Amino acid sequence: MKKKLRVSPHHLLILLAGVLWGCMGLFVRPLNARGLTSWDIVFLRAVSTTAFLAVFLVIKDRRLFRIRLRDLWCFFGTGICSIVFFNYCYFTEITLTSLSIAAILLYTAPAFVMVLSAIFFKEKLTPRKIFALGLSFLGLLFVTGVFGSAERLTLPTLLIGLGAGLGYALYSIFGRCALNRGYPSYTISFYTFLFATVGTVFFAEPSRVFQVVTNAPSDVLFAVTFALVSTILPYLAYTVGLQAVENGQASIIASIEPVAATLIGVIWFHEPMTAGILIGAVLVLAGIVVSQGKTE
């Protein structure tokens, strides 16, 4: 007899994380309208998160700062190859197309994870996983306008969106390497965003970021809210939730993110919801759910 699904506070925390991540467009577009580039916004997110996590680790346990020099490549991977690349592509995509399409393209990440895990960790590409990849690919055909959509994406816009999905997926790959070396999630998060800060400072204009976010008290509050809502709170909520929820189930729950982003785009920014986008979203999310199913 099957066990009934029990919703615990840990499940709700992961759901909250997904919803908060889906709210990214509420901050990225206004910051872009105020003159900040995608690189500036990535830098703002990274440096504010690094500062918060540094204070948090000092209070919690200073031993969490300890890492081995030979493992720096893991954090270069999570910080530069994943966070910097993914954030830049995603923030750029948000300014080029609708929030729904940007979020759906971002959630091609599980497909990238499956392929990369098969290559680097020798995980089997089971029939279930291949079917999931097929669903995701079919969903992309609807989202990008090949089937049944009034809006057709240009090739650069499509590639940038898929780049966001690839960058998002790389966090799972490099993050697993760091976890396998015994690092706590808080340590991984801190050094991830520290590397991301260093990586973006060369492309952003920190002086312009400082000027924009300190122009008025309301701007300071907006920047702090951006850091809290888009990064700090969802990452902490997701980390705490993972203490009692397995990774596969957590990724399914967090897939509420593109749904939240789509609703915000429709309600807040009055973006159209076409049948193609709706069908594509369902297919991409179905691919995520199928890919996380247990194989006997």
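Look at (1) surrounded by fewer than 17 Cβ atoms within 10 Å (Cβ to Cβ); (2) touching a residue at least 40 places away in the same chain (Cβ under 8 Å) and you find that Ser218 fails only one, number (2).
Of the residues making up the range 128-176, those that are modelled with pLDDT of 80 or more, surrounded by 19 or more Cβ atoms within 10 Å (Cβ to Cβ) and hydrophobic (A, V, I, L, M, F, W, C) are Leu135, Leu158, Ile160, Leu162, Ala164, Leu166, Ala169, Leu170, Ile173, Phe174. Criterion applied to Leu105, Leu96, Leu57, Leu72 was being surrounded by fewer than 20 Cβ atoms within 10 Å (Cβ to Cβ) and farther than 22 Å from Phe195 by Cα, and the one residue passing it is Leu96.
This table checks each residue for (1) buried (at least 17 other Cβ atoms within 10 Å of the Cβ); (2) at pLDDT below 90; (3) in contact with a Phe, Trp or Tyr (Cβ under 7 Å, 6 or more places away or on another chain).
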{"position": "Lys3", "(1), (2), (3)": "no, yes, no"}
{"position": "His11", "(1), (2), (3)": "yes, yes, no"}
{"position": "Met24", "(1), (2), (3)": "yes, yes, no"}
{"position": "Thr37", "(1), (2), (3)": "yes, no, no"}
{"position": "Ala51", "(1), (2), (3)": "no, no, no"}
{"position": "Ile80", "(1), (2), (3)": "yes, no, yes"}
{"position": "Phe85", "(1), (2), (3)": "yes, no, no"}
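Residue pairs whose Cβ atoms lie under 6 Å apart, sitting 6 or more positions apart in sequence or on different chains, and linking a residue in the range 20-44 that is among the polar types (S, T, N, Q) to a partner that is at pLDDT 90 or above, are Ser38/Tyr88; Ser38/Thr92. When we screen Ile94, Ile67 for residues that are in contact (Cβ under 8 Å) with a residue 40 or more places away in the chain and within 21 Å of the chain's Cα centre (by Cα), the only hit is Ile94. Can you confirm whether the range 224-245 contains a residue that is free of Cβ contacts under 8 Å to residues at least 24 places away in the same chain, among the hydroxyl-bearing types (Ser, Thr, Tyr), surrounded by fewer than 16 Cβ atoms within 10 Å (Cβ to Cβ) and more than 17 Å from Phe86 (Cα to Cα)? Scanning the range 224-245, I find no residue that is free of Cβ contacts under 8 Å to residues at least 24 places away in the same chain, among the hydroxyl-bearing types (Ser, Thr, Tyr), surrounded by fewer than 16 Cβ atoms within 10 Å (Cβ to Cβ) and more than 17 Å from Phe86 (Cα to Cα), so the answer is no.
Yes/no matrix, rows are residues, columns are (1) over 23 Å from Val115 (Cα atoms); (2) aromatic (Phe, Trp, Tyr); (3) in contact with a strand residue (DSSP E or B) (Cβ under 6 Å, 6 or more places away or on another chain); (4) at pLDDT below 75:
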site	(1), (2), (3), (4)
Thr214	yes, no, no, no
Asp219	yes, no, no, no
Ile232	yes, no, no, no
Ala281	no, no, no, no
Gln292	no, no, no, yes
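Those helices (runs of 4 or more DSSP H) of the range 39-146 in which at least 1 residues are touching a Pro at 6+ places or on another chain (Cβ under 7 Å), considering only elements entirely within it, cover 99-106.
The values are calculated or read from the model by the stated rules, or taken from the named source; none is laboratory data. What you see is a predicted model; the values in this text were computed from it and never measured. Note that we place each Cβ from the backbone using ideal geometry, even for glycine, and neighbour counts take in every protein chain shown.
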